[in-house]
Amino acid sequence: MDISSVYSSSALFFSKFSKLICKVFNSKYAGVSVINGTGGFDTISFCSPTQEYENFSFSLKKTSQNIVYYDDINQVFINKDIIKKYQLKSYMEIPLRDTNDIYIGDIVLFGDESLNPNILDTNILTFIVNRTSIEIEKKRVSDELIIAKNLLNQSPSCSCLVNKQGIIIRKIGAFYDRLLGYQIGDNIMKFDKKNEIKQVFDKVCFDNNNIIGEITITKENGDNYPAEIFAKEIGDSQGNSNGIMIILRDISDQITLKEMNTELQNKSELEQKRNLELMEARDQAVAATKIKSQFLATISHEIRTPLNGVIGMAEMLLKTSPLNTEQHDIAETIFGSGELLLSITSDILDFSKIEASRLELEMIEFDFIGCLEGIAKTIGVSINNKPIEIVTLFDPDIPHRLVGDPNRLVQIMLNMGTNAVKYTEKGHIIFKVSVLSRKHNWCKVKIGIEDSGIGIKEEQRKHLFEPFHQIDASTTRKYGGSGLGLAISSKLAKLMGGSVLLEKSTPGVGSLFSVTLEFEEIGPDTLSTIFPDKIFSQNKSVIIVDNYDVTRPLMEKKFSHLIGGNIYGVKEDVVKEFFGFIHNGKSDPNNPSSNIDFLDINPKIKHFFDPTLSAIIVCNRFMDDVDTSSKYVKEFLEYYPKKVIVALSINQCNFKLLPPKRDFLIIKKPISSTSLIKILNLINENSPNSPANPLLSPANGKRSTTPKKEKYDFNVSPMRIDLNISGSSPKLNIYSGSSDEDDSYSLNLANIELINDPISTTISEKDQERNNKINEIEKINQQNKKEKEKENLEKKQLIQDQKNSPQNQLQVKAKEKPRILLVDDNAVNRKVVKLQLKKLGYECDTATNGFEGFEKQKEFNYDLIFMDLNMPECDGSTASKLIRSWEETNNYVNRVSIVGLSATYLHGSKDYCKSMGMDDFVVKPIKLDPLGQLVKKYLDSHNLQSIPKDFI
């Protein structure tokens, strides 16, 4: 057997060797297998006598590491697929061992029939096994060298072997040329500019040390870079030196990374230092904010406390003392100045709370239309003697009832309206209200505020909504104010889902602001649906006499929206022409349209002869003479004695110029929805076929009282806005009119108040019949009332029996009239509240601190206690807890109502007072009317043996 020709490579050797083995052993297949890492075997060659096949892996049921022969391959071979593929029947293995006598694999033979094992006795077997083992070891070493070379090539370093003189005798690694660039035979000292390599060689050659260090390499092209060097002398097995192995690694990136890490660490330390500074600054800011809030609360308390005395005493002076004109003017000035100072204080507190994001909205149901008309009424009163016309115009689809914060709405609109009044010397202020969008029971409302004031220059507009900014900030400025109104309004509008914008402004002409707000709608009612049925007025006509070109078309639209029918707006010259026409005898009052040639007269005069004419409204504007306007009204009444309703629309200031006794209707401006309702009712009543007044029908849900007179002046106050401050914002107090005021034409709107000016006249048979029906209803109601009173008396008697029980007989004393206790350490406050209560018809005792109040309550068992929160020795909250504890210990049936008083308002004050056992909380100063409502509420609750659950 000749195998000398198989030395060219291991792969070729094993292939030719396996083919020869097949021939020698007369086997179908033969090959060489080695042990793999899983306990099985991998063939490194597998051949037939003439062909090489693909290598495969296989497993044996047992391994003997000896020469083994199996006639049936299935006895030992596991891989059935290989048996089937090559149709194998017999199997034979001859073990192979390396130079250390370690089992490394087998020579394997496969046959399709039984093999001849006698060949194993030949001398060739030893040669075959030894040669095969050597070739396997050579292959293993070769594979390891290839792996090592690949690893070195992948390493980002270069290696070279130099002799002790520094001559490069071998270079290793794919990065060699890139990192070093020198060739075999070059002296490595050539790139040692700083003798660093020489020092390394000296240590390696003479000190016999392994060296690791950092040096600077100069490449053949002259480039420099920092490198890490490892140097070690290596030798053969006999200890002879083969040279010095040098490994170089470029550490430029490492140094850069190190520098970046150092820089990052420095930045991190700087950032940490800054963060510490920011945390300190934040803590200081939080502390400053807390101090600021506490300061504002304290200064609010300190300012409101004396203001309570100023405003309260001024109000009492105005309402109780007989003053001459000069004294009354002085008292009004004191009262107004106190209100102004209180308003400025409230603005500052509101702005502070908004800036600190601590202001919350109070979401309640309210009458949107009445609220805005009340604001317009309030602004109309505030214009004093300025010749300014105020008009409100609502789109017909404006919702009636909404859910939102009416107090903040009032605050925004009062700020906008008073600003318009401040910067308008004469002309008009128009409020236009429309719905921008509706979605899922929510609506966005737009309120336009147009004035004819001084306007705003372009350069001033960008600062308009900044706090403390004034349009005129000079030392000689004409207009006062804190500069917070627009800033607060803008921020409040954002809280309410809207905005405040300046849409246009022309210096010397005026400005147009818009306020958009979001509300939730309650029910389907709109302005057009809450009015009485207009079927009887749609075929009627109304004339509006208005000399002001700006307001006349607005009044036409307002009347058209709400009343219907034909609305004609004319100027004074048309009225003069009309009266000139009739004074010349060209018209018969009993039949105005008879014998008139309408072709020869002014077309506008024709409206006065329209048979459907039902009402004439004479608008007295700022440029008109009051006497002239009154004269026109009287002449209209003379010409239309019964058929046409005639009214004079006049502002608050000019109203005072009218004679106290007059025989015509008055509509005070700004004209409200209530005024138009009354006009519509009168038109319907004058209609020959009109039914009963729809406002008085049972469907309206409200029983009317018998009117004292048939005609009334329309001193309409859609909503009286009390500028008392609840918290730090204007409190919206709604009053329904006093008991002596007739409400026979009041709509089912809780915020409408009619103040009547009776005129002597006879009552028609129709009205008398209506009044008789109403009286019958009143009798039924009186009977129901008596039954209810009887039920209440029985209830009170039951409670009195409980009071007279042995355990309560000593605790509860009979009370002939309500007993009120005021606990306050401030003498002025005690004096003001005591005078106010006296004015309301109540007497009260006083105490100067909580302990004294507690002792008095134990002794006298009061019905109502006004408890100041901030007092020396014992504050209001402590005193309230003492009282509640005493009541619980002694099993009181009827506990006293306690109302907290304070000149300080902070977020959560109401909840705090409730947690301390109080029933309510109000902010000083408190005015007379709200105080009266408060006392009545809790005294009524006390008498019914019930405790109020909600704060007002």
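Looking only at the range 408-421, decide whether some residue is farther than 15 Å from T516 by Cβ and among the basic types (K, R). Within the range 408-421, none of the residues are farther than 15 Å from T516 by Cβ and among the basic types (K, R). Among the residues of the range 29-68, those that are open to solvent by 60 Å² or more (accessible area, probe 1.4 Å) and not polar (S, T, N, Q) comprise I35, G37, G39, E52, Y53, E54, K61, K62, I67.
Do you know which residues across the range 574-595 are at pLDDT below 60 and on the phi < 0 side of the Ramachandran plot? Hits for the range 574-595 are K586, S587, D588, P589, N590, N591, P592, S593, S594.
Restricting to the range 923-936, name every residue that is outside any helix (DSSP H, G or I) and closer than 18 Å to K831 by Cβ. Break it down into steps so the answer makes sense when it comes.
The first filter runs over the range 923-936 and keeps only residues outside any helix (DSSP H, G or I), leaving 923-927.
Matches in the range 923-936: K924, P925, I926, K927.
Only residues that are part of a loop (DSSP other than H, G, I, E, B), open to solvent by less than 30 Å² (accessible area, probe 1.4 Å) and farther than 21 Å from I104 by Cα were counted across the range 69-88, and they come to 1. Scanning the range 497-512 for residues that are of a type in the set (A, V, I, L, M, F, W, C) and open to solvent by less than 20 Å² (accessible area, probe 1.4 Å) turns up just one, V500.
From the list G181, G213, the lone residue that is part of a strand (DSSP E or B), modelled with pLDDT under 75 and surrounded by 13 or more Cβ atoms within 10 Å (Cβ to Cβ) is G213. Contact map, the range 341-369: first residue at negative phi, second residue modelled with pLDDT of 75 or more and among the aromatic types (F, W, Y), Cβ cut-off under 8 Å, separation 6 or more or different chains; pairs are F368/F519; I369/F394. Looking at A331, A356, which one is at pLDDT below 75 and farther than 21 Å from V922 by Cα? Sole residue among the options that is at pLDDT below 75 and farther than 21 Å from V922 by Cα: A356. Count of the range 433-456 residues, restricted to those that are aliphatic (A, V, I, L, M), part of a loop (DSSP other than H, G, I, E, B) and surrounded by fewer than 17 Cβ atoms within 10 Å (Cβ to Cβ), is 0. On the basis of being farther than 12 Å from I107 by Cβ, at pLDDT 90 or above and outside any helix (DSSP H, G or I), does N55 make the cut? Judged against the criteria, N55 is a match. In the range 419-440, the residues that are under 30 Å from P387 (Cβ atoms) and of a type in the set (S, T, N, Q) form Cβ pairs under 8 Å with partners that are assigned to a loop (DSSP other than H, G, I, E, B) and open to solvent by less than 10 Å² (accessible area, probe 1.4 Å), at six or more places apart or across chains, as follows: T424/G453; S434/I398.
Scanning the range 223-270 for residues that are closer than 17 Å to L161 by Cα, of a type in the set (S, T, N, Q) and either in contact with a Ser or Thr (Cβ under 9 Å, 6 or more places away or on another chain) or surrounded by 13 or more Cβ atoms within 10 Å (Cβ to Cβ) (or both) yields one hit, N242. Inspect the range 394-403 for any residue being in a helix (DSSP H, G or I) and touching a residue at least 40 places away in the same chain (Cβ under 8 Å) and give the result as yes or no. So far as the range 394-403 goes, no, none of its residues is in a helix (DSSP H, G or I) and touching a residue at least 40 places away in the same chain (Cβ under 8 Å).
Results for (1) in a helix (DSSP H, G or I); (2) surrounded by 20 or more Cβ atoms within 10 Å (Cβ to Cβ); (3) not aliphatic (A, V, I, L, M), shown as yes or no for each residue.
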residue	(1), (2), (3)
G841	no, no, yes
F851	yes, no, yes
F854	yes, yes, yes
L882	yes, no, no
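Given (1) part of a helix (DSSP H, G or I); (2) free of Cβ contacts under 8 Å to residues at least 40 places away in the same chain; (3) in contact with a helix residue (DSSP H, G or I) (Cβ under 7 Å, 6 or more places away or on another chain); (4) crowded, with 16+ Cβ neighbours inside 10 Å, where does I94 come up short, assuming only one miss? Against the list (1) part of a helix (DSSP H, G or I); (2) free of Cβ contacts under 8 Å to residues at least 40 places away in the same chain; (3) in contact with a helix residue (DSSP H, G or I) (Cβ under 7 Å, 6 or more places away or on another chain); (4) crowded, with 16+ Cβ neighbours inside 10 Å, I94 comes up short only on (1).
The values are calculated or read from the model by the stated rules, or taken from the named source; none is laboratory data. What you are looking at is a predicted structure, and each value in this text was computed from that prediction instead of being measured. Note that we place each Cβ from the backbone using ideal geometry, even for glycine, and neighbour counts take in every protein chain shown. The accessibility values were calculated without ligands, DNA or RNA, using every heavy atom of the protein model including side chains. Shrake-Rupley method; radii C 1.70, N 1.55, O 1.52, S 1.80 Å.
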